[in-house]
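Participant: Encoded as structure tokens, here's the structure I'll be asking about.
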Amino acid sequence: MAKTHVTMKVNGAEVEGLVEPRTLLVHFIRENLQMTGTHIGCETTHCGACTVDIDGMSVKSCTMFAVQADGSDIITIEGIANADGTLSALQEGFRMMHGLQCGFCTPGMIVRAHRLLKENPSPSEAEIRMGISGNICRCTGYQNIVKAIQYASAKINGVEFQEAAE
Amino acid sequence: MIPGSFSYHRPASVADAVKLLSDLGEEARPLAGGHSLVPMMKLRLATPAHLVDLHGIAALKGISRNGNNLIIGAMTTQHELLASDEVAKAMPILHEAALLIADPQVRYRGTIGGNVANGDPGNDMPALMMTLEATYRLEGPGGTRDVAAADFYQGAYFTALEPGEILTSVSVPVPAAGHGYAYEKLKRKVGDYATAAAAVVLTMSGGKVVTCAIGLTNVHETPLLAIDAAKAVIGTSLDAATLKKAAAAASAIMAPAADARGPVEYRKHVGGIMVTRALQRAAAIAK
Ligand code: FES
Ligand code: FES
């Protein structure tokens with residue numbers, strides 16, 4: 001099958017490649033671009049480990065073809081840290097609140113939470129839980145992931161994070 | 001999981017899309033949000049030789065008001081429906097139901113056109129569109145026609161769409177001011193299809209039901225209108241005996257498949273409960 005030339009912006013840098021139409025975006029990112037932070041958990045649109053941010057939308061990159069992302073602006077986990085290389089509020093939240101165990105779901109969780117906080121910088125606990133309902137974690141039981149996002153929300157809003165009483 | 005090979009087309013107009021689909025014939029499939037088709041292609045349960053991606057067609061996007069109807073472009077995503085103040089105000093049941101579809105990531109991509117046109121009995125919008133008396137605009141090589149949602153579904157994945165036709169927009173009459181509404185969906189987890197779901201839109205006056213429509217999701221090979229159940233509640237105050245009668249009338253037309261969501265009897269039973277709950281909640285909201 002003839003290959004198609006695609007160009008897109010990934011974490012601020014222009015990238016290009018030749019892809020078959022059937023190449024999934026997640027495979028293009030991991031194999032062509034060699035950026036393996038975006039994970040493949042299920043490959044069936046269930047787990048959210050492959051979540052990337054495309055033109056301001058959280059998308060499961062295993063359920064979109066690379067040709068469809070031609071011309072788009074993408075953020076992956078590699079583009080989440082602050083410009084000076086320090087941890088972003090979300091990354092710091094996951095570290096401080098112990099929001100990961102094996103870490104397999106973490107790139108998808110953080111990229112999803114990034115868009116969630118852009119759309120709603122002060123989500124309630126229920127809004128956080130609904131907001132990450134497309135991401136599965138098999139380790140943590142979600143409690144500390146929710147806290148990590150609350151920590152990041154507080155930091156973004158310039159207030160001190162108060163852990164809710166258990 | 002890698003789909004079979006295909007050629008990718010991205011037309012910029014409905015006319016070009018229709019021409020491509022009719023020229024390429026059965027080997028071509030239109031691609032909307034892709035969250036039903038792409039998973040099928042990865043499993044090689046669908047192996048189209050050509051995909052006609054509708055994302056390049058600006059005319060298929062957006063929500064507008066035309067007299068008493070909301071016109072929703074087929075490529076409008078569930079996320080965009082949820083973000084629309086017009087939908088939230090004029091047709092809150094649409095907002096409520098969209099929020100119960102899949103998960104946030106899927107809603108950024110999944111479209112109303114794909115949801116209603118695919119003919120999947122598990123999809124939530126078809127029964128809702130029947131309840132709201134929506135019509136679908138279909139454009140094909142033979143021209144444009146409007147088909148009532150209630151006449152569109154003929155079997156599982158089998159609809160009134162002719163070869164080469166695409167569904168371009170959905171027209172939904174805005175329900176009367178003060179109407180009551182509810183979409184009750186029982187599902188095992190976020191992202192699952194309904195074990196059973198019921199949509200209710202009704203109006204009340206002096207504590208009695210004046211008009212009522214009830215739609216049912218995933219309890220038959222097509223979405224259903226529960227006409228007898230809706231008739232049974234007209235003129236009543238939805239007392240316990242009436243609710244029981246309505247649930248029984250709705251269950252009587254259900255013919256769900258036995259699957260991981262439960263045996264037939266269970267799905268019919270909870271289908272009746274969804275009808276009862278939706279009626280009660282709709283009545284409580286109605287003014
Ligand atoms: S790998 Fe894409 S949703 Fe699981
Ligand atoms: S930390 Fe292991 S899957 Fe989430």
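The values are calculated or read from the model by the stated rules, or taken from the named source; none is laboratory data. Just so it is clear, the model here is predicted, and its values are computed rather than measured. Cβ atoms come from the backbone with ideal geometry, glycine included; neighbour counts cover every protein chain shown. Keep in mind that these areas ignore ligands, DNA and RNA; they rest on the heavy atoms of the full protein, side chains included. Shrake-Rupley method; radii C 1.70, N 1.55, O 1.52, S 1.80 Å.
Participant: What is the spin-label model distance, in nm, from A:M130 to B:V264 if the labels are put 7 Å beyond Cα along the C-beta direction?
Facilitator: Those two pseudo-labels are separated by 3.7 nm.
Participant: OK, next. Arrange the residues B:R145, A:R22, B:R10, A:R138 by how much accessible surface each exposes, largest first, with a 1.4 angstrom probe.
Facilitator: If we order B:R145, A:R22, B:R10, A:R138 from most to least accessible, we get A:R138, B:R10, B:R145, A:R22.
Participant: Distance cut-off 18 Å, Cα to Cα: go down the list B:K187/B:K268; A:K3/A:K60; B:K89/B:K231; B:K208/B:K287; B:K61/B:K187 and report the pairs above it.
Facilitator: Pairs exceeding 18 Å: A:K3/A:K60; B:K89/B:K231; B:K61/B:K187.
Participant: Most fluctuating residue of A:C137, A:C47, A:C102 in a GNM of chain A with Cα springs under 10 Å: which is it?
Facilitator: Checking each option, the largest mean-square fluctuation is seen for A:C102.
Participant: Estimate the FRET efficiency between A:N82 and A:T36 by the formula 1/(1 + (r/R0)^6), using the beta-carbon distance for r and 22 Å for R0, to the nearest 0.05.
Facilitator: Here the calculated transfer efficiency is 0.55.
Participant: If you don't mind, another one. Which far-off residues, 5 or more places away or on another chain, put their amide H under 5 Å from the one on A:F65, with H placed in the peptide plane?
Facilitator: Amide H to amide H, under 5 Å and 5 or more residues apart or across chains, A:F65 pairs with A:L25.
Participant: Quick one: what Rg and Dmax do you get for segment B:7-52 from the alpha carbons, in Å?
Facilitator: 10.6, 31
Participant: Something else now. Once amide H atoms are built 1.01 Å from N in the peptide plane, which residues 5 or more positions from B:T159, or in another chain, come under 5 Å H to H?
Facilitator: Hits under the 5 Å cutoff: B:Q154.
Participant: For chain B, build the convex hull from the C-alpha positions and give me its volume per residue in Å³.
Facilitator: Each residue corresponds to 120 Å³ of Cα convex hull volume.
Participant: Rounded to two decimals, what ratio of Rg to Rh does segment B:61-173 give with C-alpha atoms and a Kirkwood Rh?
Facilitator: Over the Cα atoms of segment B:61-173, Rg/Rh equals 0.94.
Participant: Springs between alpha-carbon atoms under 10 Å, Gaussian network over chain B: tell me which of B:T236, B:T222, B:T195 tops the mean-square fluctuations.
Facilitator: Highest fluctuation among the options: B:T236.
Participant: A further question on this structure: I want to verify a result. In a Gaussian network model of chain A, Cα cutoff 10 Å, which of these has the top mean-square fluctuation: A:N120, A:N144, A:N82?
Facilitator: Looking only at A:N120, A:N144, A:N82, the biggest GNM fluctuation is shown by A:N82.
Participant: Something else now. With runs of 4+ DSSP H residues as the only contributors, calculate the mean residue ellipticity of chain A at 222 nm using -39,500 (n - 2.57) per run, divided by the residue total and rounded to the nearest 500.
Facilitator: Calculated mean residue ellipticity at 222 nm is -8000 deg cm²/dmol.
Participant: Each residue of segment B:231-239 in order: what ³J(HN,Hα) in whole Hz does its phi give by Karplus 6.51 cos²θ - 1.76 cosθ + 1.60, θ = phi - 60°, with x for Gly and Pro?
Facilitator: So the J values, rounded to whole Hz, are 4, 5, 9, 4, x, 9, 9, 6, 5.
Participant: Now a separate question. Explain nothing, just the number: relative contact order of segment B:168-259, from Cα pairs under 8 Å at least 6 residues apart, as a whole percent.
Facilitator: Across segment B:168-259, relative contact order equals 19 percent.
Participant: What size of dipole, in debye to the nearest 20, comes out for chain B about its Cα centre when the only charges are +1 on Lys and Arg C-beta atoms and -1 on Asp and Glu C-beta atoms?
Facilitator: Dipole size: approximately 860 debye.
Participant: Spin-label point model (7 Å from Cα, Cβ direction): what's the A:K118 to B:A255 distance in nm?
Facilitator: 4.8
Participant: Extension gain A:F161-A:H98, at 0.36 nm per residue separation less the Cα-Cα distance, in nm?
Facilitator: Length gained, A:F161 through A:H98: 21.2 nm.
Participant: Taking a quarter of the surface of the convex hull around the Cα atoms of segment B:180-285, what do you get in nm²?
Facilitator: 6.0
Participant: Length gain on complete extension for the stretch B:E27 to B:D151, per 0.36 nm per residue less the alpha carbon to alpha carbon distance?
Facilitator: 42.0 nm
Participant: Evaluate E = 1/(1 + (r/R0)^6) for B:I234 and B:A284, where r is the Cβ-Cβ distance and R0 equals 22 Å; express this FRET efficiency to the nearest 0.05.
Facilitator: After rounding to 0.05, the efficiency reads 0.80.
Participant: So, one more: To the nearest 500 deg cm²/dmol, what mean residue ellipticity at 222 nm is calculated for chain B from DSSP H runs of n ≥ 4 alone, each contributing -39,500 (n - 2.57), summed and divided by the residues?
Facilitator: My calculation for chain B gives -9500 deg cm²/dmol from helical runs alone.
Participant: While we're here: Suppose the chain between B:A241 and B:V210 were pulled fully straight at 0.36 nm per residue; how much longer would it get relative to their current alpha carbon spacing?
Facilitator: Once the chain is fully extended between B:A241 and B:V210, it gains 9.4 nm.
Participant: Along its three principal axes, how long is the protein assembly as shown when you only count alpha carbons? Whole Å, largest extent first please.
Facilitator: 68, 64, 44
Participant: Please list, ordered by chain and number, the residues whose modelled amide H lies under 5 Å from the amide H of B:F6; skip anything fewer than 5 residues away on the same chain.
Facilitator: A:R22
Participant: Taking θ as phi - 60°, what are the ³J(HN,Hα) couplings along segment A:37-43 by the Karplus curve (6.51, -1.76, 1.60), each to the nearest whole Hz, with x for Gly and Pro?
Facilitator: x, 6, 9, 10, x, 10, 6
Participant: I've got another one for you. On the Cα set of segment A:89-156, report Rg and Dmax in Å, please.
Facilitator: In Å, with Rg to one decimal and Dmax whole: 10.3, 28.
Participant: Another one. So what's the net charge close to B:D124: Lys and Arg +1, Asp and Glu -1, counting the other residues with Cβ under 13 Å from its Cβ?
Facilitator: Taking every other residue near B:D124 into account, the sum is -1.
Participant: With point charges of +1 on the Cβ of Lys and Arg and -1 on the Cβ of Asp and Glu, referenced to the Cα centre of the protein assembly as shown, which listed residue (A:A83, B:S64, B:A257) lies farthest in the positive direction of the dipole?
Facilitator: Of A:A83, B:S64, B:A257, it is B:A257.
Participant: Using only Cα atoms, locate the centre of segment B:175-237 and the centre of segment B:66-91, then give the distance between them in Å, rounded to an integer.
Facilitator: Using only Cα atoms, the two centres lie 20 Å from each other.
Participant: Okay, next question. Over chain A, what is the relative contact order in percent, taking alpha-carbon pairs closer than 8 angstrom and at least six residues apart?
Facilitator: Relative contact order for chain A comes out at 23 percent.
Participant: Return the whole-Å distance between the Cα centroid of segment B:44-63 and the Cα centroid of segment B:248-287.
Facilitator: Centre-to-centre (Cα) distance: 34 Å.
Participant: In whole Hz, with x marking every Gly and Pro, tabulate ³J(HN,Hα) for segment B:136-151 from phi via Karplus 6.51 cos²θ - 1.76 cosθ + 1.60, θ = phi - 60°.
Facilitator: 10, 9, 10, 10, x, x, x, x, 10, 9, 10, 10, 5, 3, 5, 9
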